[in-house]
Ligand SMILES: [Fe+2]
């Protein structure tokens, strides 16, 4: 369900200033094998980051992102459901939230000034830049699996500021 905006998803998020690009993950066999693993150790994460960073190097330069990491969530991630319950609450950040999805899938909800929500499903190759101040939320699909490169200009800016907006769980809207 595309809440309140069934006709033009891209226009809705674009009007909010959200940048949504397609950057296909052209995985060499070694990278593909890493992405196929549900969980990765620190070495595996570092190898994935090194392999995919060039794909978004232009965005880092354009927006001043100075650090990056790889978030890996899977059904065995400790505390996953508790974390998802926090991500699913509408919030903003003081800095851009940037996600380049490499594996798995997730659901983003974006709110406009009128409180209408647009729910989008993201998967490998989706690059999203949510500007500071744009109200949004996130959850995983029932597969409970994602790998996403996160880009930061200042990691302190990523603290969630909850808006207190009441909304049904994202999974029920997708
Ligand atoms: Fe966020």
The lone condition residue 77 fails out of (1) outside any loop (DSSP other than H, G, I, E, B); (2) more than 10 Å from the ligand (Cβ to nearest atom) is (1)
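Looking at segment 153-163, can you tell me whether even one residue there is at pLDDT 90 or above, part of a loop (DSSP other than H, G, I, E, B) and within 16 Å of the ligand (Cβ to nearest atom)? Can you show your working first?
Taking segment 153-163 and keeping what is at pLDDT 90 or above, we get 160-163.
Next cut, part of a loop (DSSP other than H, G, I, E, B) only: 160, 163.
Among the residues that remain, those that are also within 16 Å of the ligand (Cβ to nearest atom) are: 160, 163.
Among the residues of segment 153-163, at least one is at pLDDT 90 or above, part of a loop (DSSP other than H, G, I, E, B) and within 16 Å of the ligand (Cβ to nearest atom), which makes the answer yes.
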For segment 88-141 the number of residues that are without any contact (Cβ under 8 Å) to a residue 24 or more places away in the chain and within 11 Å of the chain's Cα centre (by Cα) is 2
In segment 142-152, anything in a loop (DSSP other than H, G, I, E, B) and either surrounded by 13 or more Cβ atoms within 10 Å (Cβ to Cβ) or under 15 Å from the mean Cα position of the chain (by Cα) (or both) is listed as 144, 145
Please work out if residue 85 is within 16 Å of the ligand (Cβ to nearest atom), within 17 Å of the chain's Cα centre (by Cα) and in contact (Cβ under 8 Å) with a residue 24 or more places away in the chain. no
Scanning segment 113-124 residue by residue, those touching a helix residue (DSSP H, G or I) at 6+ places or on another chain (Cβ under 7 Å) and assigned to a loop (DSSP other than H, G, I, E, B) turn out to be none
Within segment 75-96, the residues that are over 19 Å from residue 169 (Cα atoms) and modelled with pLDDT of 95 or more are 76, 77, 78
Over segment 164-174, the set of residues without any contact (Cβ under 8 Å) to a residue 40 or more places away in the chain and either within 12 Å of the ligand (Cβ to nearest atom) or part of a loop (DSSP other than H, G, I, E, B) (or both) is 166, 168
Apart from one, (1) within 16 Å of the ligand (Cβ to nearest atom); (2) part of a helix (DSSP H, G or I); (3) more than 11 Å from residue 138 (Cβ to Cβ) all hold for residue 94; the odd one out is (2)
When segment 97-119 is checked residue by residue, the ones that are within 21 Å of residue 162 (Cα to Cα), buried (at least 16 other Cβ atoms within 10 Å of the Cβ) and away from the ligand (no atom under 13 Å from the Cβ) are 112, 117, 118, 119
*Taking the condition in contact (Cβ under 8 Å) with a residue 24 or more places away in the chain, in a helix (DSSP H, G or I), touching a strand residue (DSSP E or B) at 6+ places or on another chain (Cβ under 6 Å) and surrounded by 14 or more Cβ atoms within 10 Å (Cβ to Cβ), does residue 56 pass?*
yes
Scanning segment 125-138 for residues that are more than 11 Å from the ligand (Cβ to nearest atom) and not in a loop (DSSP other than H, G, I, E, B), the one farthest from residue 105 (Cα to Cα) turns out to be 129
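The values are calculated or read from the model by the stated rules, or taken from the named source; none is laboratory data. Bear in mind that the values here come from a model prediction, so they are computed numbers and not experimental data. A quick note on method: Cβ atoms are made from the backbone with ideal geometry, for glycine too, and the neighbour counts reach across all protein chains shown.
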